[in-house]
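Worksheet for the structure shown next.
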Amino acid sequence: MTGSDDKEQELTDKTVLAIQVVTKHLAMIDGVVTDVSDAMTTFSCTVTTGDSNTGTTERYSVPLRVLIGSQGSNIEIPVINSACVIGFRNGSDGRPQMIWADQIDTKELTLATKFIVSTQNNAASLQLDSKITMNGGKNGGVPLAKAVEAAGQADVQILSAILNVLGGDPINEPGNGAPSALQQALNAATAGLNPGDYSSNTIENPNVLQ
């Protein structure tokens, strides 16, 4: 073997070695998510890989796409039977890792300040233990629906009682016994008017809760 042949073989060997080093960190296969029952406690799921022709393999405790640190965390839980891609750290078949899933059932972002954003079943929710300020807070705080409902119902009772008196039996003027002109005037002015509805299903927005 000549010197040029040696160098060519050396280059080939190094190229093969480089490919092996790179691809072992990128080894990926597709599969189907079959169980996420312990996802929120173990941050893992079960994935089935292979097919009926080549045979299937159940891979348990496949770590989900989770980032956990002192400043917060991010968790993605896929939908059952969703297609996914898992990779193998260091090319080891025993060290799978969720790379991607085509459907996410729950996504939760938590920051150290107790700020939690989560989505589940196409619905999003926001939880936090601190104060929210919008527009500099110049318009004051958001009304408390239960307090507004209670105050409104009290006002409704008062107004209803007044309207019942106005629309009830005629009240005679003291002395001459004539029908009360004030009652007649107020009854005419309020004819057809009713107190407002302060019930919770009217004043509350069910999509914004506090």
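The values are calculated or read from the model by the stated rules, or taken from the named source; none is laboratory data. Fair warning: this is a prediction, and the values are worked out from it, not measured in the lab. Backbone-built Cβ (ideal geometry, glycine too); neighbour counts: all protein chains shown.
Quick rundown of the values:
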| quantity | calculated |
| --- | --- |
| Pick from region 136-156, criterion among the charged types (D, E, K, R) and surrounded by 10 or more Cβ atoms within 10 Å (Cβ to Cβ), ranking: nearest to Ile203 (Cα to Cα) | Glu149 |
| Enumeration of residues in region 122-135 that are surrounded by 12 or more Cβ atoms within 10 Å (Cβ to Cβ) and either among the small types (Gly, Ala, Ser) or modelled with pLDDT of 80 or more (or both) | Ser125 |
| Those strands (runs of 3 or more DSSP E) lying entirely in region 23-119 with at least 3 residues modelled with pLDDT of 80 or more and on the phi < 0 side of the Ramachandran plot | 28-35, 44-51, 55-63, 72-78, 83-88, 96-101, 104-111 |
| Test: Asn176 is surrounded by fewer than 10 Cβ atoms within 10 Å (Cβ to Cβ), over 28 Å from the mean Cα position of the chain (by Cα) and touching a residue at least 12 places away in the same chain (Cβ under 8 Å) | no |
| Residues that are modelled with pLDDT under 80 and in a loop (DSSP other than H, G, I, E, B), drawn from region 172-197 | Glu173, Pro174, Gly175, Asn176, Gly177, Ala178, Leu193 |
| Failed item in (1) closer than 17 Å to Lys107 by Cβ; (2) exposed (fewer than 13 other Cβ atoms within 10 Å of the Cβ), with Ser73 passing the rest | (2) |
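Here's the yes/no breakdown for (1) more than 20 Å from Leu193 (Cα to Cα); (2) not in a helix (DSSP H, G or I):
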site	(1), (2)
Ala124	yes, yes
Ile132	yes, yes
Gly136	yes, no
Asn139	yes, yes
Pro143	yes, yes
Lys146	yes, no
Gly152	no, no
Val156	no, no
Ile162	no, no
